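Working notes, beginning with the structure itself.
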Amino acid sequence: MIQQRRLPPMLALLVLLSMAKASVASTGYTAAVYEHATIFKQGVQTSSEALEIMKENIAVFQEKSRLAKEKGVDIIVFPEDGLYGFFFTRDEMYLYLDDIPNPSSLVKSWNPCTAPDRFTNTEVLHILSCMARNFSIAVVVNMGDVKYCSKTSDPNCPEDGRYQFNTDVAFDTDGTLLARYHKVHLFSIEKTYFNTPPQPEAVTFKTSFGATFGVFTCFDLLFHDPAIVLGESVDNIVFPTAWMVGLPTLISVGIQQGWSRALSVNFLAANQHFPQYNMTGSGIYSRGEALQFIHDMQTPEGHLLVARVPSSDFPKDNYHKKSAKSNLDQSSDETFTSQLRDDTYTFVKLKEAHGTVSVCTPGLCCHANYSTVSESPFGNEMFAFGAFNGHHKYPTGYYIQACILLKCASMEENSCGSSTTTSSTIFKSFAIEGNFSNETYVYPEVILNDLQIISGNETDYSGHKMVVSSFNNPLVYAMLFGRTYTLDTSTAVIRRRALLQQKLQLGRRRTVKNLK
């Protein structure tokens, strides 16, 4: 008879806890994102006045965290600039900043709620940590970080002797500071009051409920580092953003959904809610399926979205699909050009209610077949199919390849690419494909009437081809949006830095583990 060995009581308890956490991670978690209408004020003069404004916003965060916890939420994400708003001078921004330590470099983990005096100038961190601890919920918040420097030891030190960073922080359910991420790709005016970190950061954190997340911010989404580095290595992404609706393409919810689908990740996106600034669009996505989303240009109130997120053991190969060999080398009909977001696209008109069209631009050919519910042409609406391959200049240059089926703003050719949000034309189905470069990452986007998105179940996507069928909503545009990161300025250098940063962080974690 074989005698079974019993584990020591403490070891048995550790095994049970490990099994419990693994079970939670394998069955998923419940997530919330809050699209917040930030309270802010221009011309703040003192740090105490700035703190009071942040406390007003945190009071809203606390109420939403309480409501989220009542719904069983494990993690909640708040938007970029959600504590203080926009449009600062550099000195004004300084009034809002904490000095945030890097958790990955600490020998011992830090809980700002229970040990507030361990570091100075961390009052906002203390309040947020206690919010997470009091509601037993993991929290992701965007805030500002200051790091002091001297020209004598750092020739890159700004003239005012400090770096100011747009920063995401993550707290565990007990208030422990898990992560600090400095935004790499600053957008427009924020370059006047924030600095770019010396090295791009690829930051991940693991929560007490067993899920591991990557984190980046807003404009980072359109670049390789750190977004692709993280999307290829983890199953869950948190995404604080202040995304302006970039009509007629790159609608917030469209690119969120497409990025989630292409990278095969769960994606938690929390946007600002300022319709007057064209800011809205948040969602919780799982491999492109919108579990919950909002795109609301009408109401002034914020929105709390809650969804159960499945475990995300998905294959990550959609955008690696090679373009099929194609004999297509010319457009199928008479072409014209029109401007779309300051880029010159080559278009062909859709003339029949059903058919096929092809359009080429140097280096890229696109093909579409389609069928509408009508047996007659498009009435008082005009649709066109276009292609673009080149350098997109605004606001920061990057290279794109795109195939797009869109509704023109009017019956004039030069309106194809102008802003439009409504449509009455319903397609039974359509398929779009392009002979994209094998180095191009391709993201599917489908935007419907009033800037809504399609169900992921209605889209068959395989890298360089998208097929959509069986939907009953008017179409505004459908797009395969490709990013050729290898052509971006200094991408190779940035990528090497990001990979080095990952290795450094891994080494630090090992050092911390050894010290413990």
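Exactly one residue out of Leu291, Leu250, Leu268, Leu263 is free of Cβ contacts under 8 Å to residues at least 24 places away in the same chain and within 21 Å of Ser455 (Cβ to Cβ), and it is Leu291.
A single entry from Asn156, Asn195 fulfils the requirement of being within 21 Å of Arg90 (Cα to Cα) and either modelled with pLDDT of 95 or more or open to solvent by less than 10 Å² (accessible area, probe 1.4 Å) (or both): Asn195.
Entry remark, the range 38-67: residues being farther than 16 Å from Glu80 by Cα, among the polar types (S, T, N, Q) and assigned to a helix (DSSP H, G or I) number 4 in total.
When we screen Ala290, Ala307 for residues that are in a strand (DSSP E or B), open to solvent by less than 60 Å² (accessible area, probe 1.4 Å), at pLDDT 95 or above and more than 22 Å from Val245 (Cβ to Cβ), the only hit is Ala307.
With respect to (1) modelled with pLDDT of 95 or more; (2) on the phi > 0 side of the Ramachandran plot, the lone exception for Gly28 is condition (1). Of all the criteria given as (1) modelled with pLDDT under 95; (2) among the hydrophobic types (A, V, I, L, M, F, W, C); (3) under 24 Å from the mean Cα position of the chain (by Cα), the one not satisfied by Phe378 is (3).
Considering the range 329-346, the residues that are of a type in the set (S, T, N, Q) and in contact (Cβ under 8 Å) with a residue 60 or more places away in the chain include one that is surrounded by the fewest Cβ atoms within 10 Å (Cβ to Cβ), namely Gln339.
Counting only residues that are open to solvent by 60 Å² or more (accessible area, probe 1.4 Å) and either closer than 23 Å to Met54 by Cβ or not hydroxyl-bearing (Ser, Thr, Tyr) (or both), the range 143-153 holds 2 of them.
Among the criteria (1) of a type outside the set (Phe, Trp, Tyr); (2) open to solvent by 10 Å² or more (accessible area, probe 1.4 Å); (3) modelled with pLDDT of 95 or more, the one Pro240 does not fulfil is (2). Considering only the range 27-59, state which residues are open to solvent by 70 Å² or more (accessible area, probe 1.4 Å) and either of a type in the set (Lys, Arg) or closer than 30 Å to Ser208 by Cβ (or both). Hits for the range 27-59 are Thr27, Lys41, Lys55, Glu56.
Before we move on, is Val238 part of a strand (DSSP E or B), closer than 25 Å to Ala211 by Cβ and touching a residue at least 60 places away in the same chain (Cβ under 8 Å)? Yes, satisfied.
Against the criterion of being modelled with pLDDT of 95 or more, closer than 30 Å to Glu375 by Cβ, in a strand (DSSP E or B) and β-branched (Val, Ile, Thr), Thr346 qualifies. Looking at Gly258, Gly214, Gly283, just one residue is in a helix (DSSP H, G or I), buried (at least 24 other Cβ atoms within 10 Å of the Cβ) and either out of contact with any helix residue (DSSP H, G or I) (no Cβ under 7 Å at 6 or more places or on another chain) or modelled with pLDDT of 95 or more (or both), and that residue is Gly258.
Scanning the range 377-414 for residues that are open to solvent by less than 40 Å² (accessible area, probe 1.4 Å) and either charged (D, E, K, R) or more than 17 Å from Arg483 (Cβ to Cβ) (or both) returns Phe378, Glu381, Met382, Phe383, Ala384, Phe385, Gly386, Leu405, Leu406, Lys407, Cys408. Please name all residue pairs, on different chains or six or more residues apart, with Cβ atoms under 8 Å, provided the first residue is in the range 404-415 and is closer than 11 Å to Phe347 by Cβ and the second residue is open to solvent by 80 Å² or more (accessible area, probe 1.4 Å) and among the polar types (S, T, N, Q). Within 8 Å, the pairs are Asn414/Gln339.
Any residue at all in the range 243-250 that is in contact with a helix residue (DSSP H, G or I) (Cβ under 7 Å, 6 or more places away or on another chain), surrounded by fewer than 24 Cβ atoms within 10 Å (Cβ to Cβ) and more than 24 Å from Arg308 (Cα to Cα)? Yes: one or more hits. When Ser418 is evaluated against the numbered criteria (1) of a type in the set (Gly, Ala, Ser); (2) in a loop (DSSP other than H, G, I, E, B); (3) within 23 Å of Leu221 (Cα to Cα), which criterion, by number, is the only one it fails? Against the list (1) of a type in the set (Gly, Ala, Ser); (2) in a loop (DSSP other than H, G, I, E, B); (3) within 23 Å of Leu221 (Cα to Cα), Ser418 comes up short only on (3). You will find that of Val139, Val146, the residue that is outside any loop (DSSP other than H, G, I, E, B), under 28 Å from His185 (Cβ atoms), hydrophobic (A, V, I, L, M, F, W, C) and touching a helix residue (DSSP H, G or I) at 6+ places or on another chain (Cβ under 6 Å) is Val139 and no other. Restricting attention to the range 467-480, the residues that are touching a Leu at 6+ places or on another chain (Cβ under 6 Å) and open to solvent by 10 Å² or more (accessible area, probe 1.4 Å) total 1. Applying the condition of being within 18 Å of Met143 (Cβ to Cβ), of a type in the set (D, E, K, R) and not in a helix (DSSP H, G or I) to the range 89-117 and asking which residue is most open to solvent (accessible area, probe 1.4 Å) yields Asp99.
Do we find a residue being surrounded by 20 or more Cβ atoms within 10 Å (Cβ to Cβ), in contact with a Lys or Arg (Cβ under 9 Å, 6 or more places away or on another chain) and outside any loop (DSSP other than H, G, I, E, B) anywhere in the range 68-79?
Yes.
Could you grab the pairs with beta carbons closer than 6 Å, sequence gap of 6+ or different chains, first residue in the range 457-486 and on the phi > 0 side of the Ramachandran plot, second one among the hydroxyl-bearing types (Ser, Thr, Tyr) and outside any strand (DSSP E or B)? Short answer, once both residue conditions are applied: Gly463/Tyr319. For the range 354-376, a tally of residues being small (Gly, Ala, Ser), open to solvent by less than 20 Å² (accessible area, probe 1.4 Å) and within 12 Å of Phe430 (Cβ to Cβ) returns 1. Taking the range 448-466, which residues are open to solvent by 50 Å² or more (accessible area, probe 1.4 Å), assigned to a strand (DSSP E or B) and within 13 Å of Ala431 (Cα to Cα)? Correct list: Asp460, Lys465.
The values are calculated or read from the model by the stated rules, or taken from the named source; none is laboratory data. None of the values given here were measured: they were computed from a predicted structure. All Cβ positions, glycine included, derive from the backbone under ideal geometry; neighbour counts span all protein chains shown. What goes into the accessible areas is simple: the full protein's heavy atoms, side chains included, and nothing from ligands, DNA or RNA. Shrake-Rupley method; radii C 1.70, N 1.55, O 1.52, S 1.80 Å.
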